[in-house]
Amino acid sequence: HNSLHLNNLAEVSARRINPGISDDEDLSPRNQQNKAVLRKEELDFIPICEVKSREAISAIHRAKSQFCKQLIVNKTCLIQDGNFYPQELNNYCKLNAKIFGRHIGCYSDEKKLRLLSSFYGNYANLNSPLYCLDICVQAGFPYAGVQYGTECFCGEESPPETSKIPDKSCDMKCPGDISQVCGGYFTMNVYETGLHKFIPQTPEIKTQDGKSIRIVFLLTLNGRALRQVYRLINTLYRKNHYFYIHIDKRQDYLHRKLSSLEKQFPNIRLAPVRFSTIWGGASLLKMLLNCMKDFIDLGWEWDYVINLSESDFPIKSLEELENFLSANKGLNFVKSHGREVQRFIKKQGLDKTFLECETHMWRIGERKLPRGITIDGGSDWVALSPDFVSYIIEGKQDLLKGLEIIFEHTLLPAESFFHTVLRNSKFCNTYVDNNLHVTNWKRKLGCKCQYKHVVDWCGCSPNDFRTEDWAKIQNTLNRQLFFARKFEPIINQEIITRVEQFIGVNDHYLINNLEAYWQSIYDTNDLTASTDDTVLSHAGSIIRQNSKILATEGCDIKSGEILEIHLYKYADVYKGNLILHKAVLNNGLNVVIETWYKPKHHLELNFNSPIVDYIKTFRVGSDYDQKEMIFRNFGGILGPFSDPVLLYQFSSHKQSGNLTVLWLDPAGMLADVNIISRDENNLTNFIKPNIRHPLLPGVWKVGLFEQTTLVAVTKFLITPLEYFSGKEVSHQEVGLIHSGSHNSYRNLTNIKPLKFVPAKEESLLLEEVSNSNIKRIGNDLREWIDILNIEFYSILGSCINDSKNTHESEKVLCGNYHFNPCAVTEWSSLSPDPKGTIGKLDIHTGRLK
Ligand code: UDX
């Protein structure tokens, strides 16, 4: 580990530190026009100073509200004045450590920092698994001028065993004290910290004072994976532990559903004050601190707080975690980046000011971190002791006051705040470099700047574990790792079931629907989201399609309100969506019906083309997730305001040269053209066409050409909207929503007429149809939607939920049609799902079952 570290240091210094990822200029397409000046007319206030930072000016241009613009101006002015950030902070750490040995290196030339000498002493003799290094580098070289802080390493990855006498060509008089400047050399002192192996000595689940250890699981939740949250709570629940749950303010579905837990369990609480905890936002730390303060105020008695998200899951039994924490009570677990500090600072954007408003983290300029303290960071998944948390929450020390100002303006603040406080406070000897987590990093997939719309930076996310990643979890068996992330049953549920088995669940064979997974897409009580109009227009049509099918069986139903829509997977295969809706049967019975349906895919291949065999995927969808390489919009429900994306996968490119993609709108007009360059690095990719909203409703075609030969065609549906802003569309609205955007199509007249593009006469006809469609409204509009829908979706079944029917398993007859009750219908979201439902408290074991 250590030798690796030194190599990195040399490498970094040689290359100059690469701020990475984020480049000022490409954050927004609008940025192209952004001049580094503020125009008076874009502000409705007078700036309190002349804003000089280009980054701030770009942020002000991009921010939408005057409120946010003003916030950025004011903060930038304060920072420009020079008195905003603390220049120096006190370090209260007194490391209980003795120097064990020292590395000395020197610069061989101005560009390279080379390790000419290595370590005196032998790591193998180091008793402690935790050792610290401090590094001092001479100022004056282009890459230097930097004082590196102290770093601590867990001795898990074994350090080099041999040592060399330092190179004689270096005159080594480097001081070990980092406050002094060394002459062309750097030194690293290795300290033994006295912290011992973290293997529990005692097997009982007792703390030193004889009580059972009590953990607060601080769940910070986002999304709609309700059943997975229940599964997580079922696994971790014990009577003596606590759950404090924060749900992103914008996720009212999850909040509504989970709020009943508070009433059921005295040890579960939902955070009453909720934040819009955007990815990487300053609000994440604010939220964590607020939650911690709240459960301290509640008087909970606890020994550890562990934060977890909806995508975390334990990989050891809870008892093993309890044992481990009992034996190590008082220590604080955080994971450090494990590289050179300055590089971490740059990569992490810690030397930039960020400001959160409009649920966005705006980057507004450079900043200097204070002297005197050690900056540290890494993972934001932590396990902290009550003493340390109380010290932070009380916030009395000047160190904390200073850090608060810094971290209120820091990207991904929870990834550095706790580490930095630990390192520089009296708690520094309780630092353990382990976040108890194994994280499924696949940087190639996870670092695609996917949060550009939320933060002015390129961030990374770990991938979801899938069955094929099993070895990574199995390998943690003898390591002090208790959780893994990320898990999403919508991506892969099999691995979650395996993990449960691994940690001791042995009654899986008794569990109904173990392989099924349901996740809500829509709920009638949701505070309206903008996509609901499309989903509801689509679902209404599916229900009508189903009613027609039922009518052929003599079962006439009157459909009512749509209550819920779920996505349904079985054995990790997408099986379609389920619409739960009210209905009245022809005998007047009020019931709830659930309808199961599935999208049809349209792909035509030209088998005369020599390259046809290489095409694995050629499909249009939306919400493409580059990290998981799937369309999150499983049902492919697209409306005039959706952003379609073409996904292609080729098995190999035998030939080079380009392929062409043509997008044809429902009126037969060429809306966009893209070029795919064929090479081995471009086998899987996606294309976002450049077509403005609103998209013309109807059937779109996308053709793939090799020169003039059509190789593949796919079709996708843009559903017309029956609803707009939650209400039935009006005459005026359809004129705007359904008229398409052909006036802004690129000029593509240079494209040679291909068979794919309709000839003039056909095109005139299509245009005429399209023009008359624009005017459709009411039943006529619904008819249009239904004709389109039938081509793209097929109904697979219906079940019934009749509240008056006391015999849940009895069929309900409607005409000649026998409805099965949903409770006994395997695919129904109303059928039993014990793993995805909160269990009942077993008073003997204190567990949920
Ligand atoms: C990764 C790292 O694991 C994490 O340490 C780092 O902070 C961000 O990058 P990632 O998988 O990208 O995590 O983030 P995710 O788990 O989706 O979100 C992090 C936390 O923020 C979760 O608790 C999540 O529930 C919450 N969150 C995220 C919200 O509350 N709202 C959002 O919009 C996004």
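The values are calculated or read from the model by the stated rules, or taken from the named source; none is laboratory data. These numbers were taken from a predicted model, which means no experiment stands behind them. Counting neighbours? That spans all protein chains shown, and the Cβs are built from the backbone with ideal geometry, glycine included.
General remarks:
- When residues in the stretch 297-338 are screened for being within 16 Å of the ligand (Cβ to nearest atom), over 16 Å from Phe243 (Cβ atoms) and part of a loop (DSSP other than H, G, I, E, B), 5 of them pass.
- Of the set (1) part of a helix (DSSP H, G or I); (2) of a type outside the set (A, V, I, L, M); (3) more than 30 Å from Leu321 (Cβ to Cβ), all apply to Thr497 but (3).
- Filter result for Asp464 (within 16 Å of the ligand (Cβ to nearest atom) and farther than 29 Å from Gly836 by Cα): no
- Residue match in the stretch 519-534 (condition: within 19 Å of Leu232 (Cβ to Cβ) and outside any loop (DSSP other than H, G, I, E, B)): yes
- Matching residues, the stretch 754-770, being exposed (fewer than 12 other Cβ atoms within 10 Å of the Cβ) and free of Cβ contacts under 8 Å to residues at least 60 places away in the same chain: Lys755, Ala759, Lys760, Glu761, Glu768
- Test for Gln519: is it within 16 Å of the ligand (Cβ to nearest atom) and over 26 Å from His360 (Cβ atoms): yes
- His241 vs. criteria crowded, with 18+ Cβ neighbours inside 10 Å and either more than 16 Å from the ligand (Cβ to nearest atom) or among the polar types (S, T, N, Q) (or both): yes
- Among the residues of the stretch 366-386, the one identified as under 27 Å from the mean Cα position of the chain (by Cα), more than 16 Å from the ligand (Cβ to nearest atom) and aliphatic (A, V, I, L, M) is Ile375.
- Being crowded, with 19+ Cβ neighbours inside 10 Å, away from the ligand (no atom under 12 Å from the Cβ) and among the hydrophobic types (A, V, I, L, M, F, W, C) holds for only one residue in Ile511, Ile495, and it is Ile495.
- Residues in the stretch 443-484 that are surrounded by fewer than 15 Cβ atoms within 10 Å (Cβ to Cβ) and assigned to a loop (DSSP other than H, G, I, E, B): His453, Asn475, Leu477, Asn478, Arg479.
- Matching residues, the stretch 648-659, being of a type outside the set (Phe, Trp, Tyr) and in contact with a Ser or Thr (Cβ under 9 Å, 6 or more places away or on another chain): Gln649, Ser656, Gly657, Asn658, Leu659
- Residue in the stretch 265-296 that is nearest to Leu236 (Cα to Cα), counting only those that are more than 14 Å from the ligand (Cβ to nearest atom) and of a type in the set (Lys, Arg): Arg269
- Per this entry, Ser794 is not counted among residues that are at pLDDT 95 or above, within 23 Å of Val535 (Cβ to Cβ) and buried (at least 20 other Cβ atoms within 10 Å of the Cβ).
- Any hit, the stretch 595-606, residues being more than 27 Å from Ser520 (Cβ to Cβ), touching a residue at least 24 places away in the same chain (Cβ under 8 Å) and part of a loop (DSSP other than H, G, I, E, B): yes
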